[in-house]
Amino acid sequence: MGGPVLVIELAEAVPAAVVERLRGVLVGSSAFFEEKRPGGYDLNVMADRLGATDPGEVDGRRPFLVYVMGPGIGDEETFEAEHADGPDLEPLIGFSPTHAVDVIAGCNGPIDHLVTALLTAAIMDVVGGVANAELLDDQVAVVDGLPGVLAMTDGPLPTVFGTAEFLRAWAAQPGFRLLK
């Protein structure tokens, strides 16, 4: 079963030196690491290396895919498809995304939601950008007013845009869970 996904919206291409730093952060947080292409990774994140613990897991390894996407780096079609029907983000976050990073959990337990948020925040510490997370209606009141919230949209599927600080603050809330 697939798990939660977070997207980091980026205003520009990620320079090769930053992709290399990202690689180092991911290697350091992982028990298994495979680079599919520069900016495309398959890894088993060690939850405790990100500050998360899961008493139900023997070793804390969580499967993830991390992909930097956009022109010149790869997965251009996926980037275009993910942004084709969305709103104009410039008024909300201050730029129109040209690239993104997808952080995809391979499992869907509560620990996977927590690790997805913490891993995404760690990636943002390296590449910058703005996290894009869809919300359930009852989550709007929880995230409203947290530090690092840049913008929120309403509608059938509310969305929050925020910083790494926001993701960490949200992940610390009781009952934290991402929309899958």
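Within region 155-172, residues that are more than 17 Å from residue 50 (Cβ to Cβ) have Cβ atoms under 6 Å from residues that are acidic (Asp, Glu) in these pairs: 157/134; 159/134, counting only partners at least 6 apart in sequence or on another chain. Out of curiosity, is residue 31 outside any helix (DSSP H, G or I) and among the small types (Gly, Ala, Ser)? Yes.
For residue 49, the requirement of being of a type in the set (Lys, Arg), over 23 Å from residue 133 (Cβ atoms) and either within 15 Å of the chain's Cα centre (by Cα) or surrounded by 15 or more Cβ atoms within 10 Å (Cβ to Cβ) (or both) is not met.
Checked against (1) open to solvent by less than 40 Å² (accessible area, probe 1.4 Å); (2) among the polar types (S, T, N, Q); (3) more than 19 Å from residue 92 (Cα to Cα), residue 173 meets all criteria but (1).
Taken together, 20, 12, 34, 77 contain a single residue that is out of contact with any helix residue (DSSP H, G or I) (no Cβ under 9 Å at 6 or more places or on another chain) and touching a residue at least 40 places away in the same chain (Cβ under 8 Å), which is 12. For beta carbons closer than 7 Å, sequence separation of 6+ or different chains, a first residue in region 121-144 that is within 21 Å of residue 86 (Cα to Cα) and free of Cβ contacts under 8 Å to residues at least 12 places away in the same chain and a second that is acidic (Asp, Glu) and open to solvent by 30 Å² or more (accessible area, probe 1.4 Å), there are no qualifying pairs.
Taking the criterion of being open to solvent by 20 Å² or more (accessible area, probe 1.4 Å) and closer than 18 Å to residue 18 by Cα, the residues of region 76-102 that qualify are 97, 98.
For region 23-42, the condition of being at pLDDT below 90 and surrounded by 20 or more Cβ atoms within 10 Å (Cβ to Cβ) holds for at least one residue. Against the condition within 16 Å of the chain's Cα centre (by Cα) and open to solvent by less than 20 Å² (accessible area, probe 1.4 Å), how does residue 127 come out, does it pass? When the stated conditions are applied, residue 127 does not pass them. Of the listed requirements (1) of a type outside the set (A, V, I, L, M, F, W, C); (2) in contact (Cβ under 8 Å) with a residue 60 or more places away in the chain; (3) under 22 Å from residue 46 (Cα atoms), residue 63 misses just one: (2). Sort out which residues of region 1-52 are among the aromatic types (Phe, Trp, Tyr) and farther than 30 Å from residue 90 by Cα, and write them in order of number. Of everything in region 1-52, those that are among the aromatic types (Phe, Trp, Tyr) and farther than 30 Å from residue 90 by Cα turn out to be 32, 33. Residues that are within 27 Å of residue 18 (Cβ to Cβ) and open to solvent by less than 40 Å² (accessible area, probe 1.4 Å) within region 130-162 comprise 130, 131, 132, 133, 146, 148, 151, 159, 160, 161, 162, listed in sequence order. Scanning region 103-124 for residues that are surrounded by fewer than 20 Cβ atoms within 10 Å (Cβ to Cβ) and under 10 Å from the mean Cα position of the chain (by Cα) returns a single hit, 104.
The values are calculated or read from the model by the stated rules, or taken from the named source; none is laboratory data. Treat the numbers as computed from the prediction; the structure is a model and nothing was measured. Heads up, the Cβs are rebuilt from the backbone with ideal geometry, glycines too, and the neighbour counts pull from every protein chain shown. Note: areas computed on protein heavy atoms with side chains; ligands, DNA, RNA excluded. Shrake-Rupley method; radii C 1.70, N 1.55, O 1.52, S 1.80 Å.
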